[in-house]
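Colleague: The structure is given below, and queries will be raised subsequently.
Read-outs throughout are calculated quantities, based only on the coordinates presented, and are distinct from any laboratory measurement. The structure presented is a predicted model; accordingly, all values stated were derived computationally and were not measured. Using ideal geometry, Cβ is built from the backbone for each residue, glycine included, and neighbour counts are taken over all protein chains shown.
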Amino acid sequence: MVNFLDLIWLIPLFPLFGAAFMLVFGKMIDPQPHSHEMLAPGVGGGHHHDDHGHDHHHHAASTQFLVRIISPGVILLSFIFSLGAVIQLAAKAEHIHQVIPYTWLAGLPFHMQDGRIGIFTADWGFLLDPLSSVMILVVTGIGFLIHVYATAYMAHDNGYYRFFGYLNLFVFFMLMLVLANNYTLLFVGWEGVGLCSYLLIGFYFHKKSAGDAGKKAFIVNRIGDAGFILGMLLLFSVVGTLRFTDVNKALAEFHIESGHFGVLSTAALLLFIGATGKSAQVPLYVWLPDAMEGPTPVSALIHAATMVTAGVYMVARSNALFKLTPETSAIVAVVGALTAILAASIALVQNDIKRVLAYSTVSQLGYMFMALGVGAYWVAVFHLYTHAFFKALLFLGSGSVIHAMSGEQDMRKMGGLRSKIKVTYLTMAIGSIAIAGIPGFAGFFSKDEILWQTWSSPLGSKAIYVVGLTTAFMTAFYMWRLMFLTFYGECRADEHTQKHIHESPVAMTGVLSVLAGGSVLAGWLGVPKLWHFPEVFSTFESWLEPVFASEGAHAVAHEASHDTSMEWTLMFLSVGLAVAAIAMAYRFYVQKPSIPDGIQQASGPVYGLLLNKWYVDEIYDFLFINGLCKGGGTLLGKFDRNVVDGGPNGAGWLTRTISTISMWFDTWIVDGLVRLTTLLVKLSSYPVRILQTGSLQSYALMFVLGVVAIFGYYATR
C-alpha cells in the first residue's frame, strides 16, 4: 500500500512539473503559428466569431492534445495523492503528520526581544493536519475542475500552452503555501501566488487594461506583504521559532493581551495587514475587481480556490496568536464587516457580470474575516470550503454566458437566455441559491453559522451581526438581479449576437454540473447542532477541532451557552430576508423593470456613488498615485536637486568663487607688486644704465675727462 502521508511533498511537485514542461517545451507541442496573438482577445476568453458563427482560430487538435492531458493531469495526480494522504491522516490517532526533507535556512543569528541571540532556521518542510488537508483538497479538487473547463474555454486563444503553464505554477505555489510547516516557507508560496496572479491577470498583455490590472494586483499585494514580513520577524523575535507546531507550544505560555496592545498584538496586526492584501480586505481590496481582466478560468481560480483564501488560511493557521490578542481580533472582525457591506453595496448596481461576482467575492471574504475576528475559526474555514464550490460555479457559469454571448459581459445586453443555454442557467441558479443562503444549499450552512457566531460569541457584537445580516440580504438581491437580468425577460442582445447564442461544450457544462452538485451537498458536513442530526453531519467542525482547540492555561475560552430558541429565531430571520431579497429582485427586474430606473433617478448621487464604487479608486489615485507617488516624487526631486545635490553644488560654487578671488589676488596684488617693483628698479637704474654703455672708447673718454676734472680741481686750489 502506498504511504501517501510520507509522499505529501510530491503533491506540489506534480503541478510544478506541469508548469516547467509547458513553459519550456510548450511551444514545441503547441506551435500556434498565428501572427496576431493576443491582439484582440475576447474579454471573456478570446472567442471571436465570423458572420457564419465559426471561430477565426482553428488549432489542430493534435497540437493541443498533450497540453490538455498534461496540465489537468498533474492536478488530478495531486488531488489523488491529497485524498489518499487525508484518508490515511484520518486513520491516525493524532491527526498531524510532518515531512521535513531538509533544512532550507539554518544558523542565521537573530536578536531576540529579551536580548538573547536566537538562531533563525527554516525547514523545507510539509505539514498535513486537518486544516491543511481541507485546503489541499479544495485547491486540487476545484483547481482540477477549473483546468478541465479551461481546456475548452481557452481552446481558441493563442498562448494556450503558456496559459496552462501559468495555471499549473499558480497551483504549485498555492499548495506550497498551505502545506508549509513554517511561516518562511509559507511566505514562498505567498509571494509565488502573487507573481502568478500578475502573469494570469495580465495574460492578454496587448490590452492596456489587462496589463494595468496585473500591475495593480502585484503592487497592492506588495504593500500587504511588507506587513507580513514584519509580523513574521516580530513573532520570531518573541518566540524564537517560525515552525507552526513550535510557535503554538511557545504561545501557550503567554498571557492574553487584554486591554492593551502589546508586542503579540502588533505581530498579529502586521500578519493581518498581509492578509488584507492577499484576501482583498479594506483598504487593499481594490486590485480584485480589476482582476476580471484575466480570462474567466483565472477569475474562478483566484476567487474560489486559491489566492484570495490565502489570507483566511494564514489567520486561521495563526489562531494561537490571535486568541491571545483580542484587540487585534476585534480589528479583524470590524475590517471584515466593513469589507462585506462595502463590497455588497457596490455589487448592487454593477452591470458587468464578472464585476458583480468579483465584488461578491470581496464581500464573502469579509464574511470569513468576521468569523475569524469573533474567534469562530472553523466556521471561517467552513465558509471558505463551501464558497469555493458555489463561487467557482458562478464564475465559470458567467464564462459560459460570455462564451454564448460572443464575448459580451454587460448584463443590460443579455436577457432571455434560460431557454437557450439551459445547463448554464440551471447550474448558475443552484449557485445563486447557495450564495443567497437558502436552506439545504451549501452557502446556508456556513453563512448561518457565521451570523450565529457574530451574535453569540463573547468576541462578537450585535453591530457586527446587523452588518452581516444586511450583507446577506444584499447578497441575495444582487445575485438574483444578475440571474434575472441575464436569463429572464426579452433578449436585449443585437441581432448578430442572438443568432450565435449556443450552449457551451461538454467540458464546460460537465464541470458546471459537478460544481452544482458540490454547491448543494458540501454544506451538509456542517449542519447546525440544533438540528440534532447524526454526528456525521458535524464532520467538518469535529475534523478541524484539534487545530483550533485551546492550548495552555491562558488560552481563550469563548464557547457561548447554546440558546436554541434565539438561534432558531435568527436562522428564520436570515432565511426570510434572503427570500424577500430574491422576491424583490424578481419584482424589480422581471415583473416591473421600470422600478429600478425610477429608483435610480430618485436616488440621484447615491446611485452614482455606488456605480463608481464609492470613488475609492479615484481617492487612491488622488492621494497615492498623483499625490504621494507623483507629487511626492516631484518633491523628492526638488529635495534631491536643492538639498542633496545642493550641498555638493554649493561647495563647488564656493570653491569656484574662492578660486576666482585667489586668481584675482594673485594677478593684481601679488603679480602687481612684483611688476611695480620691477618698474621702480628699472626707473632707478636708468642713470646708471646710461653710463654703463659697454663701449671701451666711452669708458676711455670718461676716464680722461675724470682725470682732467681732478687735475683741474687741484689746479684751482
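Colleague: Packing-wise, with mean Cβ within 10 Å as the measure, how do 335-345, 102-112 rank, highest first? Write out the running numbers ahead of the final one.
Modeller: Values: 335-345: 24.5, 102-112: 11.2.
Descending mean neighbour count gives 335-345, 102-112.
Colleague: Assign unit charges at the C-beta atoms only (+1 for Lys and Arg, -1 for Asp and Glu), then state the dipole size of region 205-244 relative to its Cα centre in Debye, rounded to the nearest 20. Please list the in-between numbers first.
Modeller: Values: 6 positive and 2 negative charges, 46 e Å.
The dipole magnitude comes to about 220 debye.
Colleague: Let me ask you something else. Can you pull the one-decimal nm distance between simple spin-label points at Glu94 and Arg689, each 7 Å off the Cα toward Cβ?
Modeller: For the pair Glu94/Arg689, the computed spacing is 11.4 nm.
Colleague: If you keep only loop residues by DSSP, which GluC sites (Glu not before Pro) in region 176-258 have at most 16 other Cβ atoms within 10 Å of their Cβ? Intermediate results must be reported in sequence, preceding the final value.
Modeller: Values: sites: Glu191, Glu253, Glu257; in loops: Glu253, Glu257.
Of the GluC sites (Glu not before Pro), the ones in loops of region 176-258 whose Cβ has at most 16 other Cβ atoms within 10 Å are Glu253.
Colleague: Next question, about the same structure. Going toward the positive end of the dipole of the chain, with +1 on Lys and Arg Cβ and -1 on Asp and Glu Cβ, which of Gln692, Ser457, Ile619 do you reach last?
Modeller: Gln692
Colleague: Just in region 204-263: which chymotrypsin sites (Phe, Trp or Tyr not before Pro) are loop by DSSP and have at most 15 other Cβ atoms within 10 Å?
Modeller: Numbers: sites: Tyr204, Phe205, Phe218, Phe228, Phe236, Phe244, Phe254, Phe261; in loops: Tyr204, Phe205, Phe254, Phe261.
Hits after loop and neighbour filter: Phe205, Phe261.
Colleague: Moving on. Where in region 204-230 does the label zone of Cys629 land, with the point 7 angstrom along Cα→C-beta and an amide N cut-off under 16 Å?
Modeller: Only 208-225 fall inside the zone, counting backbone N under 16 Å.
Colleague: On to the next question. Multiply the residue gap between Ala580 and Glu618 by 0.36 nm, knock off their C-alpha separation, and tell me the result in nm, one decimal place.
Modeller: Details: separation 38, 0.36 × 38 = 13.68 nm, distance 3.43 nm.
Stretched out fully, the Ala580 to Glu618 stretch lengthens by 10.2 nm.
Colleague: Peptides 487-495, 623-631, 374-382: what's the order by average Cβ count within 10 Å, highest mean first? Please list the in-between numbers first.
Modeller: Details: 487-495: 15.4, 623-631: 12.8, 374-382: 27.6.
Ranked by mean Cβ neighbours within 10 Å, highest first: 374-382, 487-495, 623-631.
Colleague: Still on this structure, please answer the following. Please list, in order along region 243-259, the HN-Hα scalar couplings obtained from phi with the Karplus expression 6.51 cos²θ - 1.76 cosθ + 1.60 (θ = phi - 60°), rounded to whole Hz, x for Gly and Pro.
Modeller: Karplus values, whole Hz, x for Gly and Pro: 6, 4, 5, 6, 4, 4, 5, 5, 5, 4, 8, 8, 8, 5, 8, 8, x.
Colleague: Going by the alpha-carbon gyration tensor, a ≥ b ≥ c the square roots of its eigenvalues, is region 252-314 rounded (a/c under 1.5) or, if a/c is not under 1.5, prolate (a/b greater than b/c) versus oblate? All intermediate terms of the calculation are to be shown ahead of the outcome.
Modeller: Details: a/c = 5.27, a/b = 2.61, b/c = 2.02.
Prolate, because a/c is 1.5 or more and a/b exceeds b/c.
Colleague: Still on this structure: Could you grab the relative contact order for region 222-291? Cα pairs under 8 Å, six or more apart, rounded to a whole percent.
Modeller: Details: 61 pairs, mean separation 32.0, N = 70.
Value for region 222-291: 46 percent.
Colleague: Would you please give the FRET efficiency between Lys249 and Tyr102, computed as 1/(1 + (r/R0)^6) with r the Cβ-Cβ distance and R0 = 30 Å, to the nearest 0.05?
Modeller: Numbers: r = 23 Å, r/R0 = 0.76.
Here the calculated transfer efficiency is 0.85.
Colleague: Hey, another quick one. Please list 3J(HN,Hα) in residue order for region 102-115, calculated via the Karplus relation 6.51 cos²θ - 1.76 cosθ + 1.60 where θ = phi - 60°; whole Hz, with x for glycine and proline.
Modeller: Each residue's phi maps through the Karplus curve to give 6, 8, 8, 10, 9, x, 8, x, 8, 6, 7, 5, 8, x Hz.
Colleague: Let's see if you can work this out: charge +1 on each Lys and Arg Cβ, -1 on each Asp and Glu Cβ, no other charges. What is the dipole magnitude of region 171-238 about its Cα centre, in debye to the nearest 20? Walk me through the numbers on the way to the answer.
Modeller: Details: 5 positive and 3 negative charges, 60 e Å.
Using Cβ point charges on Lys, Arg, Asp and Glu, region 171-238 gives about 280 debye.
Colleague: Let me ask something else. Put a dot 7 Å past each Cα toward the Cβ at Lys682 and Lys420; how far apart are the dots in nm?
Modeller: Result for the modelled spin labels: 10.9 nm.
Colleague: Explain nothing, just compute: Karplus ³J(HN,Hα) = 6.51 cos²θ - 1.76 cosθ + 1.60, θ = phi - 60°, for every residue of region 436-453 in order, whole Hz, x for Gly and Pro.
Modeller: These are the phi-based 3J(HN,Hα) values: 6, x, 7, x, x, 9, 4, x, 4, 5, 6, 5, 5, 5, 4, 4, 5, 5 Hz.
Colleague: Next question. Which cross-chain or sequence-distant (5 or more) residues have an amide H under 5 Å from the amide H of Phe126, H modelled 1.01 Å from N in plane?
Modeller: Distant-sequence amide H within range of Phe126: Val99, Ile100, Asn181.
Colleague: If you add up the charges near Cys629, with Lys and Arg at +1 and Asp and Glu at -1, over every other residue whose beta carbon is less than 14 angstrom from its beta carbon, what do you get?
Modeller: Numbers: positive: Lys215, Lys216, Arg222, Lys630; negative: Asp621.
Net charge around Cys629: +3.
Colleague: Report the relative contact order of the chain, percent, no decimals, based on alpha-carbon pairs under 8 angstrom and at least 6 residues apart.
Modeller: Values: 1162 pairs, mean separation 86.1, N = 717.
Relative contact order for the chain comes out at 12 percent.
Colleague: At 0.36 nm per residue, minus the direct Cα-Cα distance, what do Ile219 and Asp645 gain on full extension? Give it in nm, one decimal, please. The partial results should precede the final answer.
Modeller: Working: separation 426, 0.36 × 426 = 153.36 nm, distance 3.01 nm.
The Ile219-Asp645 span can extend by a further 150.4 nm.
Colleague: Under 8 Å for C-alpha pairs, at least 6 residues apart: give me the relative contact order for region 262-420, rounded to a whole percent. Walk me through the numbers before you get to the answer.
Modeller: Working: 215 pairs, mean separation 43.4, N = 159.
Here the relative contact order equals 27 percent.
Colleague: Turning to a different aspect of this structure: Measure off 7 Å from each Cα along the Cα-to-Cβ vector at Trp9 and Phe665, then give the distance between these two points in nanometres to one decimal.
Modeller: 7.7 nm
Colleague: If you take every residue apart from Ala300 with its C-beta less than 11 Å away from the C-beta of Ala300, what net charge results, scoring Lys and Arg +1 and Asp and Glu -1? It would help to have the intermediate numbers written out before the result.
Modeller: Values: positive: Lys354, Lys391; negative: none.
Surrounding charge for Ala300 is +2.
Colleague: To continue, here is another question. Holding the Cα-Cα limit at 29 Å, pick out from Lys278/Lys354; Lys422/Lys613; Lys462/Lys613; Lys354/Lys462 the pairs that are longer than that.
Modeller: Numbers: Lys278/Lys354 19 Å; Lys422/Lys613 33 Å; Lys462/Lys613 27 Å; Lys354/Lys462 32 Å.
Exceeds cut-off: Lys422/Lys613; Lys354/Lys462.
Colleague: Which Cα, out of Leu705, Gly526, Gly192, lies furthest along the positive dipole direction of the chain (beta carbon charges, K/R +1, D/E -1)?
Modeller: Among Leu705, Gly526, Gly192, the one farthest towards the positive end of the dipole of the chain is Leu705.
Colleague: Moving on to the next point. Give me the extension gain from Gln601 to Leu348: residue separation times 0.36 nm, minus the current Cα-Cα distance, reported in nm with one decimal. Working shown, then result.
Modeller: Values: separation 253, 0.36 × 253 = 91.08 nm, distance 1.54 nm.
Full extension from Gln601 to Leu348 adds 89.5 nm.
Colleague: How large is the charge dipole for region 372-458, taken about the Cα centre, if only the Cβ atoms of Lys, Arg (+1) and Asp, Glu (-1) carry charge, to the nearest 20 debye? Walk me through the intermediate numbers first.
Modeller: Numbers: 7 positive and 4 negative charges, 74 e Å.
Roughly 360 debye for region 372-458.
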